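J.: Sharing a structure with you now.
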Amino acid sequence: MRRLVSVGVVALLMMLPAAGTRAAQGTAPFAILSSSRTVHRLVALSFDDGPSPYTPAILQILHRYRVPATFFVVGEHVLQYPSFVKAEAEAGDVGNHTYTHMDLEWLANIGVSQQLQATQRVIWNAARVRPVWFRPPYGAVDGRVAVDAQKLGLHTVLWSVDPRDWSEPGASVIVARVLASVRPGSVVILHDGGGYRGETVQALPTIISTLLRRGYRFISLDTMFTPHLQRPPDTLTVTSPRVR
Ligand SMILES: [Zn+2]
């Protein structure tokens with residue numbers, strides 16, 4: 001069992017504006033985000049572990065409902081399906097999920113940088129975009145990894161709603177879990193790669209249409225978090241990630 005990250009003890013050090021102020025001697029500023037405290041019915045979708053043969057179906061559904069999503073891709077999968085990554089960039093956003101789906105807490109800093117940089121490179125080659133969002137595999141992140149990511153211009157984002165679709169609980173269970181958990185400012189994690197994802201594809205239209213009916217608006221991670229990155233740390237919520 002991989003150890004849980006105790007996000008409660010992760011310091012949220014925000015970039016201080018100008019004036020050359022440093023958060024702490026020798027400590028680069030970073031944030032680990034997982035949800036926003038907005039009072040508005042805003043929600044962000046994210047898909048991990050792709051691209052895969054299931055990605056086009058996911059993109060088609062997003063297109064049908066005109067909602068954005070962020071795809072946290074695995075570098076070696078990008079090499080297999082570069083055209084899917086281009087389509088993801090056009091439909092929403094592409095994020096960095098490491099090159100080989102590594103638990104980065106076990107790697108030295110040089111290894112962390114290599115995983116992240118190699119992934120940035122293959123995404124650029126496939127879609128000519130430079131990701132600004134990073135999601136650590138297994139939610140395994142500590143301050144050191146977040147700082148390494150930050151040095152490469154990557155903001156670390158986890159999630160706040162996890163229906164554990166990868167465990168194949170059935171499409172209706174995936175729908176029910178998401179609908180029971182979404183709150184204003186939620187970030188939902190789903191998976192478009194890493195195994196059989198037919199249930200996720202089946203669940204997605206009901207998740208989107210029901211939330212739309214409930215008055216939710218789907219927004220990108222940029223829209224969800226960029227304003228908060230300018231504000232003091234207490235406007236951010238960090239919850240414990242699940243382990244997969
Ligand atoms: Zn993953």
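Throughout, read-outs are computed from the coordinates displayed, never taken from laboratory work. Here the structure is a predicted model, which means the values were calculated and not measured. Here the Cβ is made from the backbone with ideal geometry for all residues, glycine too, and neighbour counts use every protein chain on show.
J.: List Glu90, Glu199 from most exposed to least, where exposure is judged by having the fewest other Cβ atoms within 10 Å.
T.: The fewest-first ordering by Cβ neighbours comes to Glu90, Glu199.
J.: Quote to one decimal, in nm, the extra length available between His40 and Gln80 on full extension: 0.36 nm per residue of separation minus the C-alpha distance between them.
T.: 10.5 nm
J.: Find the centroid of the Cα atoms in region 159-200 and in region 78-95, then give the distance between the two in whole Å.
T.: Each part's Cα centre sits 21 Å from the other's.
J.: Next up: Between Glu90 and Arg213, how high is the FRET efficiency from 1/(1 + (r/R0)^6) when r is the Cβ-Cβ distance and R₀ = 41 Å? Nearest 0.05.
T.: So, using R0 = 41 Å, E works out to roughly 0.95.
J.: In nm, to one decimal, how far is the modelled label at Ser172 from the one at Thr223, with both set 7 Å along Cα→Cβ?
T.: 3.3 nm
J.: Count neighbours as other Cβ atoms within 10 Å of each site's Cβ, and list the trypsin sites (Lys or Arg not before Pro) in region 77-164 that are DSSP loop with at most 16 such neighbours.
T.: Arg128, Arg164
J.: Near the amide H of Asp48, under 5 Å away, which other amide H atoms are found, from residues 5 or more places off or on another chain, if H is placed in the peptide plane?
T.: Phe72, Leu190, His191, Asp192, Gly193
J.: Another one. Can you compute the charge dipole magnitude of region 29-237 about its Cα centre, using +1 on each Lys and Arg Cβ and -1 on each Asp and Glu Cβ, nothing else charged? Give it in debye, rounded to the nearest 20. Please list the in-between numbers first.
T.: Working: 19 positive and 17 negative charges, 159 e Å.
Dipole about the Cα centre, nearest 20: 760 debye.
J.: Does region 73-145 classify as rounded, prolate or oblate by the C-alpha gyration tensor (a ≥ b ≥ c root eigenvalues; a/c under 1.5 gives rounded; else a/b over b/c gives prolate, otherwise oblate)?
T.: Verdict is prolate for region 73-145.
J.: Let me ask another. Within region 148-190, list the residues whose amide N lies under 14 Å from a label point set 7 Å along Cα→Cβ of Gln202.
T.: 165-176
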